[in-house]
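One structure is given below, encoded as structure tokens.
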Amino acid sequence: MAIAEMSKLNLVAMSYDRDRILNALQRTNATEVKLQYEAENTVALSADNEQLKAYLGRIESALDSLCAETDAYNKDRKIKSDVLKDGFEVSYSEFMGAKDKKEEADALVAQIEGLEGRKKELHTELTKLRRTIFSAEIYAAVHEPLNSFRDTAHAKVRLGTLPLSVKEEFFKAIEGEPLSACTVLAADADTLLVLAAAHKSSTEFDKILSNFGFLPCPFDEGRSGTEFFHALKARETELCEEIQANVEAIYSLSVHVSFLKIYSDYIAFELEKAELSDKMRATQTTFLLEAYVPKEAEDAVKEALDGVSNALYYEFSKPSEDEMPPTLYQNNKVVKNFEAITNMYSPVSYREFDPNAVMSIFYSIFLGFIMGDIGYGLLMLLGGGFLYFKQGNRDSGLKRLSGVFAVGGVFALVWGFLFNSLFGLSLPFLTAVIPDAQKDMWSFIGIRIPAVLVISLEIGVVQLMAGYLCKAWQCWRRKQIADGVFDGVVWAIFSVGVGLAIVGLVDEAQMPVLAYTGGIIAGVSLLVAILTAGRKEKFLGKFTKGFGAAYGIINYASDVLSYARLYGLMLSGAVIAQIVSQYSVDFILGGNPVFILLGVVLMVVGHLFNLAIGLLGAYIHDARLQYVEFYGRFYEGEGELFTPLGSTHKYIYLPLKAETK
């Protein structure tokens, strides 16, 4: 439950050693370069990175094309392969060795681009060809050269197509035109191929054709329609074969996917180093660099720098109070998974304490409470654990989410035993410790309300109390003793009083003394909070601050009621689980093979669906309680996560010397 203490590294070295120094710092995985102050007699470094960006873009474009083609090829042929899998481990020497593979990479990229370009040309030609084939198919019935149907000295000759729907009206119109005739050469479902002729003196012939949608033959071919159509089909076959050969050629390059991913990430690292120029200063022969380094990693950084060059000077110092170093969490493997939940809201500020350990406990309790079932708990534990360990050493979002669900599964198991619920059914050899969420009611100040709802509100009061204690701890770390007492501890005591009063006001608890005791504790602590709220203000400000503290009771009550969502989510999931299990068991016990199968399918699909929907709702609403109700008491946030030089890779996992998160 701590944030790593940061040191500030100040370094001056010869300009020609810059690349080697940055490589050495990258290998430590413990250096985040910061913006250099404007030192006297120095200038800002500048670099034109557009060419390198364009080069990286070209590599990634070729890689994306190769991966897309490979994926489509594998799916088409149902081939299972890990060649496209990201996050594969690469040694440091192999990663840095990519520097010498430029010629090989450029040749590969050029080959992919050539094949991709040719593929587009082939597909464009094939598309046009198929449109031509569609138009030419009906002319396959013509056995004379298509360009032989021309006007003669005394006749107009027209070869072309008409819509089938106008056949009768068209022939009536032609028959009514003197010295004209028409013959049907072929027909398909929608079109007629006709040969029409008329004496040159006919003035209405072309008008009749036009009125009925006549389309003249678009092909001026010296070949017959039959020969022309077969030639088109032969070309179509050639194109398809060439496209298939192109696909095979591209797929044959899939063996180089890993190499291209390593090279792409290496070039991205080179671009990252080049972009650091904007943060550094330089003289005619030297460059200046400032960076943040975790204090515990100072020795590793010293060792790395000392091994690069003797022509450099560096020192470590403590960041000044007006600086805001990046945040590096230092949590165990369990709490580490919950950091992502806090980061979605806002990373912890460097100068506040890390609440992830406390938050992870409440988050897991709430997640387990909402799921509240032995069966669902086991599925969460086993499924989440499987996905967590399947990720190996890679620190991914999926791995952390899986860890959260696995830990939540442990708590769901515990709550499941307390509720005596296994996929919504009660076990005969277990006795429920907690009242039934659907049936049991308690009398609270004379009003009958669900017993589990009261328990949910009590859980909320406990978390609010923890939030105020976190507020006190935050203040005490900063030597703000009075603020910690009056803004934290006093309100935590108020929460204790509220919690006791709630228990005392439940008739079934039969402890009315707690209502009086809790009321006195809450009343006295509230009075202290009102009287001390304006301790830093003058005159009227003391009164308004005190009034604001009293008015805050409304917000406090609203926050407590927010925890009713725990009961609502748990109840909806429990009801669905019970219905699914009861119907499934009834089908299975019916004895009919069809109904037995239906019961098994309903049991599996129904519970998997309920688990998925329940986890989605629990994840979102649980996070909302942490962000608004819990963090609202003390959290500042707005920190920036520690991101060491060269630690971010798109495709590979590069194990380095230091852990960064």
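What about Ile576, is it crowded, with 16+ Cβ neighbours inside 10 Å and under 23 Å from Ala623 (Cβ atoms)?
So Ile576 passes the test.
Kindly establish whether Leu464 is in contact with an Asp or Glu (Cβ under 7 Å, 6 or more places away or on another chain) and within 22 Å of Ile553 (Cβ to Cβ).
For Leu464, the condition - in contact with an Asp or Glu (Cβ under 7 Å, 6 or more places away or on another chain) and within 22 Å of Ile553 (Cβ to Cβ) - is met.
Can you list the helices (runs of 4 or more DSSP H) found entirely within the stretch 1-100 that contain at least 3 residues being touching a residue at least 24 places away in the same chain (Cβ under 8 Å) and farther than 30 Å from Ala297 by Cβ?
Of the helices (runs of 4 or more DSSP H) lying wholly inside the stretch 1-100, those with at least 3 residues that are touching a residue at least 24 places away in the same chain (Cβ under 8 Å) and farther than 30 Å from Ala297 by Cβ span 50-76.
Among residues belonging to the stretch 107-151 that are not in a helix (DSSP H, G or I) and not β-branched (Val, Ile, Thr), point out the one that is surrounded by the most Cβ atoms within 10 Å (Cβ to Cβ).
Phe149
Inside the stretch 152-175, can you point out the residues that are of a type in the set (Lys, Arg) and either part of a strand (DSSP E or B) or surrounded by 15 or more Cβ atoms within 10 Å (Cβ to Cβ) (or both)?
Lys156, Arg158, Lys167 - these are the residues of the stretch 152-175 that are of a type in the set (Lys, Arg) and either part of a strand (DSSP E or B) or surrounded by 15 or more Cβ atoms within 10 Å (Cβ to Cβ) (or both).
Is there a residue being free of Cβ contacts under 8 Å to residues at least 40 places away in the same chain, closer than 28 Å to Lys85 by Cβ and not assigned by TED's automatic domain parsing to the domain that holds Ser456 anywhere in the stretch 403-416?
Scanning the stretch 403-416, I find at least one residue that is free of Cβ contacts under 8 Å to residues at least 40 places away in the same chain, closer than 28 Å to Lys85 by Cβ and not assigned by TED's automatic domain parsing to the domain that holds Ser456, so the answer is yes.
So Leu500 passes all but one of these: (1) of a type outside the set (Gly, Ala, Ser); (2) surrounded by 20 or more Cβ atoms within 10 Å (Cβ to Cβ); (3) in contact (Cβ under 8 Å) with a residue 24 or more places away in the chain. Which condition number does it fail?
Among (1) of a type outside the set (Gly, Ala, Ser); (2) surrounded by 20 or more Cβ atoms within 10 Å (Cβ to Cβ); (3) in contact (Cβ under 8 Å) with a residue 24 or more places away in the chain, Leu500 violates only (3).
Go through (1) in a strand (DSSP E or B); (2) modelled with pLDDT under 95 for Ala300 and report which single condition fails.
Only one criterion is unmet by Ala300, namely (1).
In this structure, does Lys545 turn out to be touching a residue at least 40 places away in the same chain (Cβ under 8 Å) and either surrounded by fewer than 20 Cβ atoms within 10 Å (Cβ to Cβ) or assigned by TED's automatic domain parsing to the domain that holds Lys439 (or both)?
Spelling it out, it is not the case that Lys545 is touching a residue at least 40 places away in the same chain (Cβ under 8 Å) and either surrounded by fewer than 20 Cβ atoms within 10 Å (Cβ to Cβ) or assigned by TED's automatic domain parsing to the domain that holds Lys439 (or both).
From the residues in the stretch 295-313 that are over 18 Å from Arg18 (Cα atoms) and among the small types (Gly, Ala, Ser), which one is farthest from the chain's Cα centre (by Cα)?
The qualifying residue farthest from the chain's Cα centre (by Cα) is Ala300.
Take the residues in the stretch 339-370 that are assigned to a helix (DSSP H, G or I) and among the β-branched types (Val, Ile, Thr); name whichever of them is nearest to Glu458 (Cα to Cα).
Selected residue: Ile365.
Phe486: in the same structural domain as Glu629 (by TED's automatic domain parsing), crowded, with 19+ Cβ neighbours inside 10 Å, touching a residue at least 24 places away in the same chain (Cβ under 8 Å) and in contact with a helix residue (DSSP H, G or I) (Cβ under 9 Å, 6 or more places away or on another chain), yes or no?
no
Counting only residues that are outside any helix (DSSP H, G or I) and farther than 30 Å from Val462 by Cα, how many does the stretch 548-607 have?
Within the stretch 548-607, residues that are outside any helix (DSSP H, G or I) and farther than 30 Å from Val462 by Cα number 3.
In this structure, is Arg235 modelled with pLDDT under 95, basic (Lys, Arg) and either surrounded by 17 or more Cβ atoms within 10 Å (Cβ to Cβ) or over 30 Å from the mean Cα position of the chain (by Cα) (or both)?
No; evaluated as a whole, the condition is false for this residue.
Anything in the stretch 469-507 that is more than 18 Å from Ile459 (Cα to Cα) and in contact with a strand residue (DSSP E or B) (Cβ under 9 Å, 6 or more places away or on another chain)? List them, or say none.
Within the stretch 469-507, just Asp507 meets the criteria.
Residues checked against (1) crowded, with 17+ Cβ neighbours inside 10 Å; (2) not charged (D, E, K, R):
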position: Phe411; (1), (2): yes, yes
position: Phe417; (1), (2): yes, yes
position: Ser421; (1), (2): yes, yes
position: Lys439; (1), (2): no, no
position: Ile447; (1), (2): no, yes
position: Pro450; (1), (2): yes, yes
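Take the stretch 647-661 and flag every residue that is within 22 Å of the chain's Cα centre (by Cα) and either surrounded by 15 or more Cβ atoms within 10 Å (Cβ to Cβ) or modelled with pLDDT of 95 or more (or both).
Answer for the stretch 647-661, where residues must be within 22 Å of the chain's Cα centre (by Cα) and either surrounded by 15 or more Cβ atoms within 10 Å (Cβ to Cβ) or modelled with pLDDT of 95 or more (or both): Ser647, His649, Tyr651, Ile652, Tyr653, Leu654, Thr660, Lys661.
Among the residues of the stretch 427-437, are any touching a strand residue (DSSP E or B) at 6+ places or on another chain (Cβ under 8 Å), assigned to a loop (DSSP other than H, G, I, E, B) and touching a residue at least 60 places away in the same chain (Cβ under 8 Å)?
So far as the stretch 427-437 goes, yes, one or more of its residues are touching a strand residue (DSSP E or B) at 6+ places or on another chain (Cβ under 8 Å), assigned to a loop (DSSP other than H, G, I, E, B) and touching a residue at least 60 places away in the same chain (Cβ under 8 Å).
Pull up the stretch 81-100, narrow it to residues that are over 12 Å from Leu654 (Cα atoms) and either hydroxyl-bearing (Ser, Thr, Tyr) or touching a helix residue (DSSP H, G or I) at 6+ places or on another chain (Cβ under 6 Å) (or both), then point me to the one that is surrounded by the most Cβ atoms within 10 Å (Cβ to Cβ).
Filtering first and then ranking leaves Ala98.
Quick one: in the stretch 505-550, which of the residues that are among the polar types (S, T, N, Q) and on the phi < 0 side of the Ramachandran plot is modelled with the lowest pLDDT?
Thr544
How many residues does the stretch 76-135 hold that are under 33 Å from the mean Cα position of the chain (by Cα), modelled with pLDDT of 90 or more and among the charged types (D, E, K, R)?
Within the stretch 76-135, residues that are under 33 Å from the mean Cα position of the chain (by Cα), modelled with pLDDT of 90 or more and among the charged types (D, E, K, R) number 9.
Count, please, the residues in the stretch 368-403 that happen to be more than 23 Å from Leu422 (Cβ to Cβ) and either over 20 Å from the mean Cα position of the chain (by Cα) or not acidic (Asp, Glu) (or both).
Number of matching residues: 16.
Can you find, within the stretch 383-403, the residue that is modelled with the lowest pLDDT among those that are surrounded by fewer than 17 Cβ atoms within 10 Å (Cβ to Cβ) and basic (Lys, Arg)?
Arg394
The values are calculated or read from the model by the stated rules, or taken from the named source; none is laboratory data. What you see is a predicted model, and the numbers here were worked out from it, not measured in a lab. Cβ sites come from the backbone with ideal geometry, for glycine too, and all protein chains shown count toward neighbours.
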